[in-house]
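**Q** Structure in structure tokens, see below.
The values are calculated or read from the model by the stated rules, or taken from the named source; none is laboratory data. The structure presented is a predicted model; accordingly, all values stated were derived computationally and were not measured. Cβ coordinates were reconstructed from backbone atoms using ideal geometry, including for glycine residues, and neighbour counts include every protein chain displayed. The protein model used for the area step is the full one, side chains on, heavy atoms only, and it has no ligands, DNA or RNA in it. Shrake-Rupley method; radii C 1.70, N 1.55, O 1.52, S 1.80 Å.
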Amino acid sequence: MERSFKKEVQALTLGEGETFRGEGILAVTKALLQSGVSYVGGYQGAPVSHLLDVLVDAEDIIGDLGVHLETCTNEASAAAMLGASINYRLRGAVTWKSIVGTNVAADALSNLASPGVVGGVMIILGEDYGEGASVIQERSYAYAMKSSMWLMDPRPDLPTIVRMVEEGFELSEASHAPVMMELRIRACHVTGEFKAKANRRAAFSGKNRLAGPPRFDYGRLAHPPAIYSQERLKVEQRLPAAQQFIRTRKLNEVIAGDLADVGIIVLGGLTNGVLRALARLDLADLHGASRIPLYVLNVGFPLVPEELREFCAGKRAVLVVEEGSPDYIEQAVNVELRRADIATRVLGKGMLPRAGEYTSEVLLNALASFLVEVRPAGIDADAIATRVKSMLAHKASAVAAVGDIPARPPNFCTGCPERPVFSAIKLMQRELGPTHISADIGCHSFATFAPFSLGNSILGYGMSLASAAAVTPNMDRRPIAVMGDGGFWHNGLITGVASNLFNKGDGVLIVMKNGYASATGQQYLPSSAANRLGAPTGMTIEQTLRSLGVTWLRTVRSYSVAKMTKTLKEAMRTAERGLKVIIADGECQLARQRRVRAEDAEKLKRGKRVVRVRFGVDDEICTGDHSCIRLSGCPSLTVKPNPDPLRSDPVATVIESCVGCGLCGEVAHAAVLCPSFYRAEIIRNPNWWDRALHRVRATIIGAFAPRRAEARA
Ligand code: SF4
Ligand code: SF4
């Protein structure tokens, strides 16, 4: 894993009344244990990867409570796990990144929500929406609405988050519906403290197993004709029960304010941003007290009509703050107020943008517009608008002063084993011409940026081969689909490979076998050398492909650019029909560096020999055409001024961060570039042979040195 939580997970053992201090995501884990869960699981993805990583690091602690942990192979398998709570009073929680993960899980979620649950179910969604997002911008709200699951969006503050987890299970049980809890990146990483409770052992768990299944009940199946009555149950019983629970337990909050003729209705997760913007306008303080009343929706769906009416009654106007589109809450507020014949004006989109993250700047502008529009009694709205203008004016002057700043897209890590594969694709294309590249989700999608700019479509995680299915029969040249081993196990095996074989497809698939789900922080995969417990998994990509019937299969070391180029050419030109799979084999460099650094430190401590490889460029040979940089894109391979006063072109140079992967040398060789690259070994604790070799080399080089000096003179 990218980050170890071994130290932090000790906080999960805190008992009644002790103070928990830490990050939001760790607080969620503690709240799950305080809630008496019987099982937890999920699939990694930003911003909730750490939740799963924490659970893995806390396996001993949760094991003592009898809690089962499942590191699922995709979100569909995590959602299906929740089926345990349909028949049994087992509380369970799973996690994944939304919206993409919710899309993958949608089938199981519909089939879970229809019969409903008797044990509390919580789905913790990493809501990856906004400027730091790594996926398409959509909201999870639609899933909650369409499937009748309740959507919590807690205010990013630890006591609130913990209370919502605990009460969320009760809400689920009281209404027999699954509960989703969305956590934005800031909620995951917000720090704070709360008074802990003792962890609860569930009535039934691995420590106290169920005696057997319940009496057969067809109504527990999401199957006709039961689904017709289940649909009625959703709206006639579960929804009112949920609304009643939310109201009775006061899950939503009202922050009173003296400017009572107006108000703000805000989704819980956005509350801190709104309060901060109000504070900058002297309309709130740092402790969360506000002059404008706030109705904080810790539960975004369902809305509670009575609460909404009470909040809006007597107000001339309210501003609804919800990110993204459609404006689900604004529409619902309008409907409820019209039904109740309350004439409060509802403002939202228009004051606020229809798309994009509600940053501090966006909120300041929106609040100023709202206040000028509705002019609450007791404040000078024009003065506030002028103030906002002057607060934000510095930005325009900063942009003017600095000028255009080039974009800095993400890139492969230094020494990444996936980079050489794209160098090879470029070299192959030089000879055979360009072809369609079906890209995928994962680190390899960085190849869509310069200097590779390879990738014509991205359709989802593990979908690259499937997304080439209709390109192949319509294009002269075979398309190349690229997927990682993470994508392969997540979806690519069935959606791509099985479908291609079943349809007698053609085309080329490259599977990047780096050993981990690297982009999400190095979680283990079915084909990792070992699983999270250190035991061999017994599954390989090669065996799996062969068992399905793939006959054209080559495994090539990722860094062997010449061999990879040759294999690619063969795959593109062979007369053999059918799927051609190249497995690019090379351990994730980030994981390797973490592993090797620890191993080297241990060896050095014991006085053992340690070798570090570095590459370099000979200034005198480098021609300065920079083809090597364009073909490798390694951030450690850069340029420096030419030391030769007679040559003005900067020369290539390798900087200190080089990890010695050898790609630059391989590329120079495969592309027949200048022979300027050299490989050096930095040896610590050298043995007698190293010393002897060094003496011989020094003597030979020393013998040539005077002649070289003479030649220069
Ligand atoms: S995390 Fe690993 S696979 Fe991903 S870019 Fe870095 S080295 Fe490459
Ligand atoms: S400079 Fe060359 S050897 Fe060093 S990390 Fe980059 S590509 Fe690898």
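**Q** When you go through (1) more than 21 Å from Arg163 (Cβ to Cβ); (2) within 23 Å of the chain's Cα centre (by Cα); (3) outside any loop (DSSP other than H, G, I, E, B) one by one for Leu32, which number turns out not to apply?
**A** Condition (1) is where Leu32 drops out.
**Q** Does at least one position in segment 510-524 carry a residue that is away from ligand 1 (no atom under 16 Å from the Cβ) and in contact (Cβ under 8 Å) with a residue 40 or more places away in the chain?
**A** Applying the first criterion (away from ligand 1 (no atom under 16 Å from the Cβ)) to segment 510-524 yields none.
So far as segment 510-524 goes, no, none of its residues is away from ligand 1 (no atom under 16 Å from the Cβ) and in contact (Cβ under 8 Å) with a residue 40 or more places away in the chain.
**Q** Further, regarding this structure: Provide a single number: the residues in segment 437-447 that are open to solvent by 30 Å² or more (accessible area, probe 1.4 Å) and away from ligand 2 (no atom under 16 Å from the Cβ).
**A** Adding up the residues that qualify gives 1.
**Q** Going by what's in this entry, would Val254 be described as open to solvent by 10 Å² or more (accessible area, probe 1.4 Å), over 25 Å from Ala385 (Cα atoms), among the β-branched types (Val, Ile, Thr) and in contact with a helix residue (DSSP H, G or I) (Cβ under 9 Å, 6 or more places away or on another chain)? Spell out the reasoning first.
**A** Details: open to solvent by 10 Å² or more (accessible area, probe 1.4 Å): yes; over 25 Å from Ala385 (Cα atoms): yes; among the β-branched types (Val, Ile, Thr): yes; in contact with a helix residue (DSSP H, G or I) (Cβ under 9 Å, 6 or more places away or on another chain): yes.
For Val254, the condition - open to solvent by 10 Å² or more (accessible area, probe 1.4 Å), over 25 Å from Ala385 (Cα atoms), among the β-branched types (Val, Ile, Thr) and in contact with a helix residue (DSSP H, G or I) (Cβ under 9 Å, 6 or more places away or on another chain) - is met.
**Q** Identify, by number, the condition in (1) more than 28 Å from Tyr228 (Cα to Cα); (2) touching a Leu at 6+ places or on another chain (Cβ under 9 Å); (3) touching a residue at least 60 places away in the same chain (Cβ under 8 Å) that Trp96 doesn't meet.
**A** All conditions are met except number (3).
**Q** On to the next question. Kindly indicate whether Cys664 is in contact with a helix residue (DSSP H, G or I) (Cβ under 8 Å, 6 or more places away or on another chain) and either away from ligand 1 (no atom under 16 Å from the Cβ) or over 20 Å from Lys608 (Cα atoms) (or both). Reasoning before the result, please.
**A** Values: in contact with a helix residue (DSSP H, G or I) (Cβ under 8 Å, 6 or more places away or on another chain): yes; either away from ligand 1 (no atom under 16 Å from the Cβ) or over 20 Å from Lys608 (Cα atoms) (or both): yes.
So Cys664 passes the test.
**Q** What is the number of the single condition among (1) within 14 Å of ligand 2 (Cβ to nearest atom); (2) buried (at least 16 other Cβ atoms within 10 Å of the Cβ); (3) in a loop (DSSP other than H, G, I, E, B) that Asp619 does not meet?
**A** With (1) within 14 Å of ligand 2 (Cβ to nearest atom); (2) buried (at least 16 other Cβ atoms within 10 Å of the Cβ); (3) in a loop (DSSP other than H, G, I, E, B) applied to Asp619, the lone miss is (1).
**Q** Report the residue count in segment 386-422 for those that are hydroxyl-bearing (Ser, Thr, Tyr) and within 16 Å of ligand 2 (Cβ to nearest atom). Let's see the steps before the verdict.
**A** First, pick out the residues of segment 386-422 that are hydroxyl-bearing (Ser, Thr, Tyr): 386, 390, 397, 414.
With within 16 Å of ligand 2 (Cβ to nearest atom) added as a condition, the list becomes 414.
Residues that pass the stated criteria total 1.
**Q** Would you confirm, using the coordinates I've provided, whether Leu663 is more than 8 Å from ligand 2 (Cβ to nearest atom), aliphatic (A, V, I, L, M) and open to solvent by less than 80 Å² (accessible area, probe 1.4 Å)? Can you show your working first?
**A** Numbers: more than 8 Å from ligand 2 (Cβ to nearest atom): no; aliphatic (A, V, I, L, M): yes; open to solvent by less than 80 Å² (accessible area, probe 1.4 Å): yes.
So Leu663 fails the test.
**Q** Then there is this: From the list Tyr39, Tyr88, which residue is touching a Phe, Trp or Tyr at 6+ places or on another chain (Cβ under 9 Å), under 30 Å from Arg238 (Cα atoms) and of a type in the set (Phe, Trp, Tyr)?
**A** Working: Tyr39 fails: touching a Phe, Trp or Tyr at 6+ places or on another chain (Cβ under 9 Å).
Residue meeting the stated conditions: Tyr88.
**Q** Can you run down the residue pairs with Cβ atoms below 7 Å, 6 or more apart or on separate chains, where the first is in segment 680-697 and in contact (Cβ under 8 Å) with a residue 12 or more places away in the chain and the partner is outside any helix (DSSP H, G or I) and of a type in the set (A, V, I, L, M, F, W, C)?
**A** Sorted first by the residue in segment 680-697, then by its partner, the pairs are Glu681/Val611; Glu681/Val613; Ile683/Val611; Arg684/Val610; Asn685/Val610; Asp690/Ile683.
**Q** Let me ask something additional. Got a number for residues in segment 176-200 being farther than 13 Å from Leu125 by Cα, within 25 Å of the chain's Cα centre (by Cα) and of a type in the set (A, V, I, L, M)?
**A** Total meeting the criteria: 1.
**Q** Based on this model, can you work out whether Arg630 counts as within 16 Å of ligand 1 (Cβ to nearest atom) and assigned to a helix (DSSP H, G or I)? Write out each step before concluding.
**A** On the way: within 16 Å of ligand 1 (Cβ to nearest atom): no; assigned to a helix (DSSP H, G or I): yes.
The answer is no for Arg630.
For every residue, the table says whether it meets (1) part of a helix (DSSP H, G or I); (2) more than 20 Å from Met164 (Cα to Cα).
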site: Gln10; (1), (2): yes, yes
site: Pro47; (1), (2): no, no
site: Val56; (1), (2): yes, yes
site: Gly63; (1), (2): yes, yes
site: Thr73; (1), (2): no, yes
site: Ser77; (1), (2): yes, yes
site: Ala80; (1), (2): yes, yes
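**Q** Out of everything in segment 285-310 that is open to solvent by 20 Å² or more (accessible area, probe 1.4 Å) and of a type in the set (A, V, I, L, M), what residue ends up being modelled with the lowest pLDDT?
**A** That would be Leu286.
**Q** In segment 533-554, which residue that is open to solvent by 70 Å² or more (accessible area, probe 1.4 Å) and among the charged types (D, E, K, R) is nearest to ligand 2 (Cβ to nearest atom)?
**A** Arg554
**Q** Here's something else I'd like to know. Does segment 501-517 include one or more residues that are closer than 21 Å to Val56 by Cβ and within 16 Å of ligand 2 (Cβ to nearest atom)? Write out each step before concluding.
**A** Step one: of segment 501-517, the residues closer than 21 Å to Val56 by Cβ are 514-517.
Subset that is within 16 Å of ligand 2 (Cβ to nearest atom): 514.
Checked segment 501-517: at least one residue is closer than 21 Å to Val56 by Cβ and within 16 Å of ligand 2 (Cβ to nearest atom).
**Q** Additional query: Say we look at segment 423-436 and pick out the residues that are of a type in the set (A, V, I, L, M, F, W, C) and within 16 Å of ligand 2 (Cβ to nearest atom); which of these is least open to solvent (accessible area, probe 1.4 Å)? Let's see the steps before the verdict.
**A** Start the filter on segment 423-436 by keeping residues that are of a type in the set (A, V, I, L, M, F, W, C), which leaves 424-425, 427-428, 432.
If we keep only those that are within 16 Å of ligand 2 (Cβ to nearest atom) too, we end up with 424, 427.
On the way: Ala424: 0, Leu427: 17 Å².
Ranking the qualifying residues of segment 423-436, first place goes to Ala424.
**Q** Can you find, within segment 134-153, the residue that is nearest to Leu267 (Cα to Cα) among those that are open to solvent by 10 Å² or more (accessible area, probe 1.4 Å) and in a loop (DSSP other than H, G, I, E, B)?
**A** Just the residues of segment 134-153 that are open to solvent by 10 Å² or more (accessible area, probe 1.4 Å), to begin with: 134-139, 142-143, 145-146, 148.
Narrowing the set further to residues that are in a loop (DSSP other than H, G, I, E, B) leaves 134-139, 148.
Numbers: Ser134: 22, Val135: 21, Ile136: 21, Gln137: 17, Glu138: 16, Arg139: 13, Ser148: 19 Å.
Here the answer is Arg139.
**Q** Please work out which one of (1) under 30 Å from Gly45 (Cα atoms); (2) modelled with pLDDT of 95 or more is the condition Arg186 fails and give its number.
**A** Exception for Arg186: condition (2).
**Q** Which numbered condition trips up Asn503, out of (1) free of Cβ contacts under 8 Å to residues at least 60 places away in the same chain; (2) within 15 Å of the chain's Cα centre (by Cα); (3) open to solvent by 20 Å² or more (accessible area, probe 1.4 Å)?
**A** (2)
**Q** While we're here: Tell me, which residue of segment 671-704 that is within 13 Å of ligand 2 (Cβ to nearest atom) and either surrounded by 14 or more Cβ atoms within 10 Å (Cβ to Cβ) or more than 14 Å from Phe615 (Cα to Cα) (or both) is modelled with the lowest pLDDT?
**A** Going through the qualifying residues, I end up with Leu673.
**Q** Pick from Ser229, Ser290: which is without any contact (Cβ under 8 Å) to a residue 12 or more places away in the chain and of a type in the set (Gly, Ala, Ser)? Walk me through how you get there before you give the answer.
**A** Numbers: Ser290 fails: without any contact (Cβ under 8 Å) to a residue 12 or more places away in the chain.
Answer to the check: Ser229.
**Q** Please find, within segment 589-601, the residue that is farthest from Gln523 (Cα to Cα) out of those that are within 14 Å of ligand 2 (Cβ to nearest atom) and open to solvent by less than 60 Å² (accessible area, probe 1.4 Å).
**A** Per the criteria, the residue is Val596.
**Q** Restricting to segment 360-393, and then to whatever is under 20 Å from Glu131 (Cβ atoms) and of a type in the set (S, T, N, Q), can you tell me which residue is farthest from the chain's Cα centre (by Cα)?
**A** Asn365
**Q** Report yes if Ile379 is touching a Leu at 6+ places or on another chain (Cβ under 7 Å), open to solvent by 20 Å² or more (accessible area, probe 1.4 Å) and away from ligand 1 (no atom under 16 Å from the Cβ), otherwise no. Before the answer, list the steps.
**A** Values: touching a Leu at 6+ places or on another chain (Cβ under 7 Å): yes; open to solvent by 20 Å² or more (accessible area, probe 1.4 Å): yes; away from ligand 1 (no atom under 16 Å from the Cβ): yes.
In short, yes.
**Q** Hey, among the residues in segment 38-87 that are within 18 Å of Phe204 (Cα to Cα) and of a type in the set (Val, Ile, Thr), which one's farthest from the chain's Cα centre (by Cα)?
**A** Ile86
**Q** Which of the residues spanning segment 56-85 are open to solvent by less than 20 Å² (accessible area, probe 1.4 Å) and within 22 Å of Arg220 (Cα to Cα)?
**A** The initial filter retains those residues of segment 56-85 that are open to solvent by less than 20 Å² (accessible area, probe 1.4 Å), namely 58, 62, 66-67, 69, 72, 75, 78-79, 82, 85.
Once the filter is applied, which keeps residues that are open to solvent by less than 20 Å² (accessible area, probe 1.4 Å) and within 22 Å of Arg220 (Cα to Cα), segment 56-85 yields Ala78, Ala79, Leu82, Ser85.
**Q** Also, quick follow-up: Name the residues in segment 507-527 that are open to solvent by less than 10 Å² (accessible area, probe 1.4 Å), under 19 Å from Ser77 (Cα atoms) and part of a loop (DSSP other than H, G, I, E, B), would you?
**A** Within segment 507-527, none qualify.
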